[in-house]
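Worksheet: the structure to be examined is printed underneath.
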Amino acid sequence: DVKVTQSSRYLVKRTGEKVFLECVQDMDHENMFWYRQDPGLGLRLIYFSYDVKMKEKGDIPEGYSVSREKKERFSLILESASTNQTSMYLCASSPLPYGGYTFGSGTRLTVV
Amino acid sequence: DQQVKQNSPSLSVQEGRISILNCDYTNSMFDYFLWYKKYPAEGPTFLISISSIKDKNEDGRFTVFLNKSAKHLSLHIVPSQPGDSAVYFCAAKARGGSYIPTFGRGTSLIVHP
């Protein structure tokens, strides 16, 4: 089974901190994604990547950046955390860009 | 502007009965639709999908129906079980473009014993 591992289940950070969320997949998938899930807003795409060193903005990229230096690892970076970035962050990978997503268990980030 | 709408935030059903989760879309370029299920504190898992060339796809207790003229799809769960209690997300992919699906806001299903 494909496994997508997110490094932290819960994080508490202070406003203004630089935050790194790490995601690793073990099935050699080309495509990786970062979403955030908020009550009443569903899943919103932040960034995605089709290949190593490649990144594309999703629907809500403001305040975030990403890094994909190795195929198996896709990092989400909050350059200067703000309280409105308090959310559940979900990483996913897939062999296809449009389906067959496997999601990680999520990181619940609280910015205080 | 929401292109994929799940207008019912929640649904409550008795065990053994049918659960019907609805999804409407506005983009006529959508050609592939997916349903994901999400339990609390877990990531979403893929449930079932349907291509726009079909109007029905079935997998065990789960059936998805697509009505292209109405731009509407529905997920039927028969019979519903307490373990089906979760948030269900509808997603749709457009022909061309980035191929990344657009997700709805989700419907929370509660199946009562």
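Going by the structure shown, is A:MET27 in contact (Cβ under 8 Å) with a residue 60 or more places away in the chain, surrounded by 14 or more Cβ atoms within 10 Å (Cβ to Cβ), among the hydrophobic types (A, V, I, L, M, F, W, C) and more than 10 Å from chain B (Cβ to nearest Cβ)?
Numbers: in contact (Cβ under 8 Å) with a residue 60 or more places away in the chain: yes; surrounded by 14 or more Cβ atoms within 10 Å (Cβ to Cβ): no; among the hydrophobic types (A, V, I, L, M, F, W, C): yes; more than 10 Å from chain B (Cβ to nearest Cβ): yes.
So A:MET27 does not fit the description; no.
Can you confirm whether B:GLU42 is out of contact with any helix residue (DSSP H, G or I) (no Cβ under 9 Å at 6 or more places or on another chain), in a strand (DSSP E or B), among the acidic types (Asp, Glu) and open to solvent by 50 Å² or more (accessible area, probe 1.4 Å)? Step through it out loud before you land on a result.
Values: out of contact with any helix residue (DSSP H, G or I) (no Cβ under 9 Å at 6 or more places or on another chain): yes; in a strand (DSSP E or B): no; among the acidic types (Asp, Glu): yes; open to solvent by 50 Å² or more (accessible area, probe 1.4 Å): yes.
Judged against the criteria, B:GLU42 is not a match.
Which of the residues belonging to the range B:14-39 are among the aliphatic types (A, V, I, L, M) and open to solvent by less than 20 Å² (accessible area, probe 1.4 Å)?
Listed by number, the residues that qualify are B:LEU21, B:LEU34.
Considering the range B:55-93 alone, what residues qualify as being outside any loop (DSSP other than H, G, I, E, B), among the hydrophobic types (A, V, I, L, M, F, W, C) and more than 20 Å from A:GLY99 (Cβ to Cβ)? Spell out how you get there, then give the answer.
Taking the range B:55-93 as the starting set, the residues that turn out to be outside any loop (DSSP other than H, G, I, E, B) are B:56-59, B:62-67, B:72-77, B:82-84, B:86-93.
Subset that is among the hydrophobic types (A, V, I, L, M, F, W, C): B:62, B:64-66, B:73, B:75, B:77, B:86-87, B:89-92.
Of everything in the range B:55-93, just one residue is outside any loop (DSSP other than H, G, I, E, B), among the hydrophobic types (A, V, I, L, M, F, W, C) and more than 20 Å from A:GLY99 (Cβ to Cβ), namely B:ILE77.
Inside the range A:16-112, counting only strands (runs of 3 or more DSSP E) that do not spill past its ends, which hold 1 or more residues that are in contact with a helix residue (DSSP H, G or I) (Cβ under 7 Å, 6 or more places away or on another chain) and either at pLDDT 95 or above or under 27 Å from B:PRO40 (Cβ atoms) (or both)?
Values: elements: A:19-21, A:23-25, A:31-38, A:42-49, A:64-70, A:73-78, A:87-94, A:107-111.
Strands (runs of 3 or more DSSP E) meeting the threshold: A:73-78, A:107-111.
The values are calculated or read from the model by the stated rules, or taken from the named source; none is laboratory data. Since we're looking at a predicted model, the values are computed, not measured. Because the Cβ atoms are built from the backbone with ideal geometry, glycine has one as well, and the counts that use them run over all protein chains shown. Ligands, DNA and RNA are stripped out before the accessible areas are found, and what is left, the full protein with its side chains, is counted by its heavy atoms. Shrake-Rupley method; radii C 1.70, N 1.55, O 1.52, S 1.80 Å.
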